[in-house]
1. With respect to the cross-link table entries A:LYS110/A:LYS138; B:LYS36/B:LYS114; A:LYS110/B:LYS8; A:LYS110/A:LYS152; A:LYS110/B:LYS17, which display a Cα-Cα separation exceeding 22 Å?
2. Determine, from the Cβ-Cβ distance of A:PHE49 and B:VAL52 and an R0 of 41 Å, the FRET efficiency 1/(1 + (r/R0)^6), rounded to the nearest 0.05.
3. How many Cβ atoms of partner chains, on average, are near each residue of A:108-121 if near means within 10 Å of its Cβ?
4. Distance in nm between label sites at A:ASN41 and B:ALA118, each 7 Å beyond Cα in the beta-carbon direction?
5. For peptide A:94-106, how many partner chain Cβ atoms fall within 10 Å of a residue's Cβ, on average?
6. Projected onto the charge dipole of the protein assembly as shown (+1 at Lys/Arg Cβ, -1 at Asp/Glu Cβ, origin at the Cα centre), which of B:MET7, A:GLN100, A:GLY51 gives the Cα projection farthest towards the positive end?
7. Using alpha carbon centroids, what distance separates the range A:33-57 and the range B:73-107, in Å?
8. Suppose every Lys and Arg Cβ carries +1 and every Asp and Glu Cβ carries -1, with no other charges. What dipole size does the range B:93-190 come out with about its Cα centre, to the nearest 20 debye?
Amino acid sequence: MTEQDFAQLVREHKSTIYTVCHMFAADQDEVNDLFQDTLVNLWRGYDSFRGQSKLSSWIYRVTLNTCISADRKKRRAPTVPLEMDVNLYEDTDADSRQIQLLYRRIHRLKPFDRAIVLLWLESLPYDEIGAIVGISAKNVSVRLVRIREELKRMTDE
Amino acid sequence: MDPLEQMKEQLALLHCKLERQEIISDRLIRSIVHQKVQALNREALIIGTVSVLSIPYCTWVFSMLGTSLWFSLVTAVFLAVAAAYTWYSHRGLDRRSLTVSSLREVGQRIARMKMLYARWLCFSLPFICFWLAWFAFEIAGQADLSAERRIGILCGGAVGGIVGGIAGWMSYNRTQRLAREILDQVANLETA
């Protein structure tokens, strides 16, 4: 894969990658760290991508793995410059308020449930979600029912 | 409204906002460039190490074969110059220098290395041809060796020369390709 191909791949999936990073991060600096680390991991791992799953599934898997294991890396990584000129934590327009509400809801879930709900929100089928997070499609469905109930409880609170 | 359905709409808003953003990732580009420079440095380390180790080995082999002192001396000097030139070509491309340099500076050093490698090829190719001819002349002039032994050594030398030449050519092309990729990458970042 050439750098141009990779840049194209990142351009096509930047929104997905950034969304996952945003939902796992506590602040803007951490989003940037996660985003950068994910891009580096995607670049390094591309050669090992055998095409057994869809490219988008592989990107999700790498992004989620990077975000879930970020606590360990977070202590070592230095701060980095902004990659996207957007601050989803501080913007105050109507859309941003909705996005902040989404963030607060997702952030209250456990990391594993966070991953499942993010993939479901991206309209991925259960079997693909299961393949990415490493559980069966049936298990995904059961967990989503529980997540839905938990989210309803949050709304009621 | 079902919270998950509401979240889906919120996510669509987020995607819409993010799609409008451009990504300029200096650290990513740096990481890619560093990996390639490390590959170049590994190649240089192998060339340098083989050149240095070949000096005593060749001196010993040529003394066993009874070649002239001048032949051994010129070979040893060539190998030493090759090792020193490789080190000189890669000056400023070590990990520590790369960490504190801008990508533009890294690009300039890569361009310099690429040019020095091309110059070395212009010198080394005719030199190796001359050296092989001299080697054949030295072996052919060994009256102590039987004709079969002389032919055996000459064939061995020819095979070694061809294999070495192919390996060297491949290494040269790989280095030039990596250098070109790094320069393209740095140029892309500068025009981004």
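Coordinate-derived values only; no laboratory data. Keep in mind it's a predicted model, so treat the numbers as computed, not measured. Methodologically, a virtual Cβ is constructed for each residue, glycine included, from the backbone with ideal geometry; neighbour enumeration extends over all protein chains shown.
1. Working: A:LYS110/A:LYS138 19 Å; B:LYS36/B:LYS114 13 Å; A:LYS110/B:LYS8 19 Å; A:LYS110/A:LYS152 15 Å; A:LYS110/B:LYS17 26 Å.
From the list (A:LYS110/A:LYS138; B:LYS36/B:LYS114; A:LYS110/B:LYS8; A:LYS110/A:LYS152; A:LYS110/B:LYS17), the Cα-Cα distance tops 22 Å for A:LYS110/B:LYS17.
2. Details: r = 39 Å, r/R0 = 0.96.
So, using R0 = 41 Å, E works out to roughly 0.55.
3. On the way: counts 0, 0, 0, 0, 0, 0, 0, 0, 0, 4, 2, 0, 3, 9.
Going residue by residue through A:108-121 and averaging, the value is 1.
4. So the label points at A:ASN41 and B:ALA118 sit 4.1 nm apart.
5. On the way: counts 1, 5, 3, 2, 8, 8, 2, 3, 9, 2, 0, 5, 3.
Per residue, the number of nearby Cβ atoms from other chains is 4 on average.
6. Going by the Cα projections, it comes out as A:GLY51.
7. The range A:33-57 and the range B:73-107 have Cα centres separated by 33 Å.
8. Values: 12 positive and 8 negative charges, 70 e Å.
The dipole of the range B:93-190 has a size of about 340 debye.
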